[in-house]
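Worksheet for the structure shown next.
The values are calculated or read from the model by the stated rules, or taken from the named source; none is laboratory data. Worth saying up front: this structure is predicted, and the values here are computed from it rather than measured. Note that we place each Cβ from the backbone using ideal geometry, even for glycine, and neighbour counts take in every protein chain shown. The accessibility values were calculated without ligands, DNA or RNA, using every heavy atom of the protein model including side chains. Shrake-Rupley method; radii C 1.70, N 1.55, O 1.52, S 1.80 Å.
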Amino acid sequence: MGRGKDLNSTCSSASTTDSIDRTQKSVCPELGSKDHASSKASLWSSFLTSTLTIFEHHKEPSVSEKKTFHSRQNVWTTIRKVMTSGSMRRLQERILGSHRSGVYSSGGDIWLLGVCHKISQDQAPDDVTSNGAAGFELDFSSRILITYRKGFNVIQDSKYTSDVNWGCMLRSSQMLVAQALLFHRLGRSWRKTSRKPLDKEYVEILHLFGDSEKSAFSIHNILQAGRAYDLAAGSWVGPYAMCRSWETLVRLKRETPNLQDQQLPMAIYIVSGDEDGERGGAPVLYIDDASRHCFEFSKGQLDWTPILLLVPLVLGLEKINSRYILSLKTTFTFPQSLGILGGKPSVSTYIVGVQDENAFYLDPHEVQQVVNIDKDDLDADTSSYHCNVIRHIPLESMDPSLAIGFYCRDKDDFDDFCYRASKLADESDGAPLFTVAETHSTNSGRHGHALDNCSRLVEDDSDGVVHMPKEEEEAHEDDWQFL
């Protein structure tokens, strides 16, 4: 099975991770020497603290002062809103730097899209010189960041020339698909560099996500493909509709029979529950469906192709059910991991890693001027597609509506993924994110797994379908209730 059944992916070290190029440009650049940054950070923190203290510790005005105070209060309220706004928060993050965010305080391992970065427990919170932390920062900053843009051509028949305040889910989905293309074309070990000329494959990927109809995976084309799922400029969209829109878009962009010339050279499979998830319950990945998607994508030329798996989920009502958190964390240890489209309610981000109880994410809410990179421009400025600021949120604060992504390069990689996914479902204590089954056969039910060497499962040679012992089938009848 290619990777075999070892669930422990290799952790990064000095011998396998490139050193950080501290001269690189970024949308969130570093500030130079650590001492200089620390001094500025201290001054900035003192300023913010003293400024906000003014708002928190004013004395109650006397009757004679109330009229004067009332007129001033509106001014202070306005100032305070500015000081605590998202833009001010991002400015503070730039000045304080990622090493002030508490990322390294626990010393726990960081899993970033299937790669483990060891963080020393003896490392000081503001020391980012160790190989583990440096490797993680370079890996994180090498992920493609796609944010709000302004100044692009009007979207179809709308008036919009910017996606500010409504396009975060679209941008998050672009980031996930961009990582799949990076892994497919350049491999998981690829890291950004300031050296020119740039990798041609990397530049071609960025071109696909430009903000014009000429770019295959632009916000313009995603909205056009998603009309059947109520995608419209100016409106927010959920993860399920977003995944289906990508499925439609990829089908529309298959312009050549040559697989390697496809703009997204992989099949796409939306893993959903019965009848496209409308009945709820845990989604089921059917292996015969995945095989069919690959066969149809290759137009009958191949039995298997690279495949992008998208799993839209609703893991609770107003907040995520804590039963699912451990399983969500574990998906980041899969070598096939592409992260999660998720975030806080109505605030979509692209979650790329976990450490302890926190999730690391790329934030699409930074507003930048439109940039359309030509696919042959190997000297292009790509700094707006990367960020060094490391943001994180508690896993328990995530919106329960999300979608998980996975990329499988070939059949062996897919088999390895199915093994890991089946094992994760078996260990979920009755609350799996999704399950794996061989076929839609009624004999296999919803409990069939690809994990053919697990003692819980038996194979009936008469039909080749994996079955669960009958007594366990009955005991698990209620496992698939929608939460």
Residue count, the range 360-381, condition buried (at least 23 other Cβ atoms within 10 Å of the Cβ), over 28 Å from ILE155 (Cα atoms) and over 10 Å from the mean Cα position of the chain (by Cα), comes to 0
Across the range 305-329, what is the number of residues that are in contact with a helix residue (DSSP H, G or I) (Cβ under 9 Å, 6 or more places away or on another chain) and open to solvent by less than 40 Å² (accessible area, probe 1.4 Å)? 15
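Looking at the range 294-304 only, could you name the residues that are in a loop (DSSP other than H, G, I, E, B) and surrounded by 15 or more Cβ atoms within 10 Å (Cβ to Cβ)?
Result: SER298, TRP304.
Looking at this structure, is LEU176 in contact with a Gly (Cβ under 6 Å, 6 or more places away or on another chain) and in contact (Cβ under 8 Å) with a residue 60 or more places away in the chain? First the steps, then the outcome.
On the way: in contact with a Gly (Cβ under 6 Å, 6 or more places away or on another chain): yes; in contact (Cβ under 8 Å) with a residue 60 or more places away in the chain: yes.
The answer is yes for LEU176.
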Mind telling me which of the residues GLY343, GLY339, GLY353 ends up being within 19 Å of ALA178 (Cα to Cα), buried (at least 22 other Cβ atoms within 10 Å of the Cβ) and modelled with pLDDT under 95? GLY343
Going by the conditions given, is ALA233 at negative phi, part of a loop (DSSP other than H, G, I, E, B) and buried (at least 16 other Cβ atoms within 10 Å of the Cβ)? yes
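Please find, within the range 99-149, the residue that is modelled with the highest pLDDT out of those that are farther than 29 Å from TYR202 by Cβ and among the small types (Gly, Ala, Ser).
At the first step, the residues of the range 99-149 found to be farther than 29 Å from TYR202 by Cβ are 100, 102, 105-108, 120-127.
Next, only the ones that are among the small types (Gly, Ala, Ser) stay: 102, 105-108, 120, 124.
On the way: GLY102: 60, SER105: 71, SER106: 74, GLY107: 78, GLY108: 89, SER120: 68, ALA124: 49.
Across the range 99-149, the extreme among qualifying residues is GLY108.
I'd like to know if the range 405-425 contains one or more residues that are modelled with pLDDT of 80 or more, under 30 Å from ARG292 (Cβ atoms) and part of a loop (DSSP other than H, G, I, E, B).
Yes; the residues of the range 405-425 include at least one that is modelled with pLDDT of 80 or more, under 30 Å from ARG292 (Cβ atoms) and part of a loop (DSSP other than H, G, I, E, B).
Got a sec? Which of GLU396, GLU438 is under 20 Å from VAL271 (Cα atoms), touching a strand residue (DSSP E or B) at 6+ places or on another chain (Cβ under 8 Å) and open to solvent by 20 Å² or more (accessible area, probe 1.4 Å)?
On the way: GLU396 fails: under 20 Å from VAL271 (Cα atoms).
Exactly one residue qualifies, and that residue is GLU438.
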Only one of these is modelled with pLDDT of 90 or more and farther than 24 Å from ALA437 by Cβ: ALA267, ALA290, ALA216. Name it. ALA216
Residue check, SER384 in a helix (DSSP H, G or I), buried (at least 17 other Cβ atoms within 10 Å of the Cβ) and without any contact (Cβ under 8 Å) to a residue 60 or more places away in the chain: no
